[in-house]
Structures are given as C-alpha cells and as structure tokens.
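The values are calculated or read from the model by the stated rules, or taken from the named source; none is laboratory data. All values reported here derive from a predicted model rather than from experimental measurement. Here Cβ is always computed from backbone atoms with ideal geometry, including for glycine, and neighbour counts include all displayed protein chains.
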Amino acid sequence: MTSSPEALFDGQLRPRDGDPKRLDALLPSPCVQNHAANLHQRPDGDLLCVWFGGTQEGVPDISIYLSRLPAGAACWQTPVKLSDDDTRSEQNPILFDTGTGELWLIYTAQLSGHQNTAFVRKRVSRDDGHSWGPIETLFAEPGTFVRQPPVVLANGDWVCPVFHCRTRPGERWVGNDDISAVLVSSDQGVSWQSHEVPQSVGCVHMNVVRLDGDELVALYRSRWADRIYLSRSRDGRRWSAPEPTPLPNNNSSIQCTRLADGRLAMVYNPINAEGITQRRTSLYDDIEDSEAHGELTEQAAVDGKRAFWGVPRAPMSLVLSADGGRSWGPCRDLETGDGYCMTNDSASRANREYSYPSIVQGADGALHIAFTRFRQCIQYSRVAPSWVEG
C-alpha cells in the first residue's frame, strides 16, 4: 500500500504488496479522526463496520458512522452518520444481532473526556442496517461503557459485557478504578440484571466468547498495561477472577472470536509497559468540559496501582489458540511501526497507532479484521486463518 491518502482512503480492496493472499482497504470517512471499529457480518453476506469519527475523541462532534461492504463487492460504501448529539462525545459502537429480526447499534455517550459521565444508547434496525429507529437509552447508570458485542447463550439469555468507569467526588477520571461486569437479560432486552466480575479492577473491554457446551471465556484489556487477562464462566453470570495470560497488553483494546473449527483467533498489540518510561498525562489533550465545576484532582491510585497510558500501539498482530485460550501459538503481524500514541490530536497527524481491532469469520472461512490506522482512518484486512502460520 502506498502512503497517499488521496489514493487510498477510498474503501477499495487491494492485494497487499508482496502478499497476494491478503486484501486491504482504507475506509472512506469525512472525519479528521476515526477510531474504535467493530465488524459484523449479516446473514446475506454483507459486512458492516461501525466506528466513531469527528475532530477528536471527547469532543461533542464525535459521532457514530457505518460503512457497508456488500457481499461480493470490492469497495466499502460511503459511511452513513448514525448519531449526532452536540453535547456528548459518542463512542465505542457495537452491532448486535438479537436473533429476533432486529439489529442493534449500541454505543456510549459522554461529556468531554470524562468516561465516568458516560451512559449507553441504542438504535434498532429491522432491515439489516439500511435504516434505523429512534435513539434510546439502553443503560442509564453513569460511567457505564461498552466495547465488545453481547453474546446469546444456549438458553437464549443475552449477556452484554460492560465496564464501569468509577471515581470518587472531585476526582478526574483516569481509569485507576475501572471494573468489569455483565448485564444479563432473559427477556430479550426488556430488563437486565448486573453481575460484577470479582477482583476485576483494571480489567476492562471484557470480550465474552462461547466455547463448547455452557463454557464461556472472557478476555480483558489491562489498565496496568501488563498482560491480557482471562476468566471463565458456565452460566454467563458467575465469573472467575481474571488472571493474567502470557500475552502482553498495552492498555489498549483487543478482540477475539471463535472460528468454525473451534480455535480462537485474537487480534491485539503484543507489547506492554515493560521498559517504557514515558507516560501520557493528558488522555484527551486538555479538552475543556463546560460542565466540570472547580478543580478536579487526579484519581487516586487503587491498591498502589495507576493506569498506564502511552505504551506504543503497534504492532497489530493475529494469534490463534487451539485449546480455548489456555495456550496461544506464535503471532503474525498485520502492521508494524513505532505505535506512537502520546496524542489524540489527529489534525497534526502525529499519532501512529494501530489499535482497537475487530475480527469476525465469514461464511467462507475468511477472517475479516478492522482496526484504527493512525487515528486517521479505519483499515480493513482480509486473510485466511492459515495466514497466521506464514
């Protein structure tokens, strides 16, 4: 791929130079900043990608966008804006097929850079994402955030993983006390019951994957930028305490899916804070919040730990597990670079992160992967599972 945005930000699928078994595309967008993609494939084979875009994360012009790659097509369509609240930054969209003929768009809405002010909204489509109903509040508790899609259990229950961004009065949110939970519905989203994941402080972006029978596995991003964490459940409600895996994590998002052959495929940044001395102190580049009153103190450390921000977000890599996440094979890099992420300011084009991946397997077995490229656009890559083996 060349470096010319004029030639590449067009959604066109192209073979990778030197790797003809791989296809790449850079999705078009009218926005300066584009981040936090999530992929979803419809029964007719259309592939949908949602993300948030605007001038800068935390600014109220951040909205949700959707682009479609029709089945068999070689170009992503012009994105459609699906939200537009001029008072809140709308982020972290996910798509959820309820199995009832409805496709849900779920996303967060926060004041400025304060994730502890976020609540969760939804819109519903009954025509495969071509049109959408009114915006509704799904989860109203302040500080509730989503990143990974809900899962439907064998008994029909819906399990929606969330994380809670917590602070004490007068503190500014920096992520030191975030915890994970699941919201479970047994009546197709009419009501929800919350179940906190025990000992999950610092473990966020809970990614629930169904294994065989009733077994569930969850993988987590770590605020401490040390390792990917993992826990297990048999009913979706009671979870084991997250434990570190051998895989590194840089306090950035991951995503995992189960393949048709039973293996797990995960996309992530295989780097952590070991040996990294420079920390990022301003998470949102000093965005002003008109609703913040007085001086906000930095959030206190929890058990002596503080969230670590600023670990490079590269490479972006693919790895497989053949035993339900108990062990992982060698990874293969989709993209490499220095991963500089000490700023969210996309206008300067200083950011060089590859981050926030999403992965789904198509009916033909191909792996569809999307992730942030330098916060300037969403990159899409298509490979076979065997690609990771070289």
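General remarks:
- Within the option set ARG238, ARG221, being of a type in the set (Lys, Arg), buried (at least 16 other Cβ atoms within 10 Å of the Cβ) and on the phi < 0 side of the Ramachandran plot holds for one residue only, ARG221.
- A residue that is farther than 16 Å from VAL388 by Cβ and basic (Lys, Arg) occurs somewhere in the stretch 275-295.
Residue-by-condition table, conditions (1) more than 19 Å from the chain's Cα centre (by Cα); (2) modelled with pLDDT under 95:
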{"site": "GLU171", "(1), (2)": "yes, yes"}
{"site": "ASP178", "(1), (2)": "no, no"}
{"site": "VAL184", "(1), (2)": "yes, no"}
{"site": "GLY189", "(1), (2)": "yes, no"}
{"site": "VAL201", "(1), (2)": "no, no"}
{"site": "VAL208", "(1), (2)": "no, no"}
{"site": "GLY213", "(1), (2)": "yes, yes"}
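- Which listed residue, of ARG237, ARG280, is of a type in the set (Lys, Arg) and modelled with pLDDT under 95: ARG280
- The criterion of at least 3 residues that are touching a strand residue (DSSP E or B) at 6+ places or on another chain (Cβ under 8 Å) and among the hydrophobic types (A, V, I, L, M, F, W, C) is met by the following strands (runs of 3 or more DSSP E) wholly inside the stretch 74-190: 89-97, 103-111, 114-125, 158-164, 179-185.
- Flag for TYR340 being of a type in the set (Phe, Trp, Tyr), closer than 17 Å to ARG221 by Cα and touching a residue at least 12 places away in the same chain (Cβ under 8 Å): no
- Condition check for VAL197: surrounded by fewer than 19 Cβ atoms within 10 Å (Cβ to Cβ) and either β-branched (Val, Ile, Thr) or in contact (Cβ under 8 Å) with a residue 60 or more places away in the chain (or both): no
Listed here are the residues, each with its yes/no results for (1) surrounded by fewer than 18 Cβ atoms within 10 Å (Cβ to Cβ); (2) within 19 Å of PRO244 (Cα to Cα); (3) in contact with a Pro (Cβ under 8 Å, 6 or more places away or on another chain).
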position: GLU136; (1), (2), (3): yes, no, no
position: PHE145; (1), (2), (3): no, no, no
position: GLN188; (1), (2), (3): yes, no, no
position: MET206; (1), (2), (3): no, yes, yes
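- Odd one out for GLY310 among (1) of a type outside the set (Asp, Glu); (2) within 19 Å of ARG221 (Cβ to Cβ); (3) touching a residue at least 40 places away in the same chain (Cβ under 8 Å): (3)
- Whether a residue is crowded, with 19+ Cβ neighbours inside 10 Å and not hydroxyl-bearing (Ser, Thr, Tyr) was assessed, and LEU66 passes this test.
- Exclusive hit being surrounded by fewer than 22 Cβ atoms within 10 Å (Cβ to Cβ) and on the phi > 0 side of the Ramachandran plot, set GLY72, GLY58: GLY72
- Among residues of the stretch 80-109, those that are among the β-branched types (Val, Ile, Thr) and over 18 Å from the mean Cα position of the chain (by Cα), counted: 4
- Residue count for the stretch 234-250 satisfying the condition of being more than 18 Å from ARG147 (Cβ to Cβ) and either out of contact with any Lys or Arg (no Cβ under 7 Å at 6 or more places or on another chain) or charged (D, E, K, R) (or both): 7.
- Meets criteria (over 22 Å from PHE371 (Cα atoms) and buried (at least 22 other Cβ atoms within 10 Å of the Cβ)) for ARG121: yes
- Number of positions in the stretch 318-348 that are over 26 Å from ASP212 (Cα atoms) and either modelled with pLDDT of 95 or more or of a type in the set (Phe, Trp, Tyr) (or both): 11
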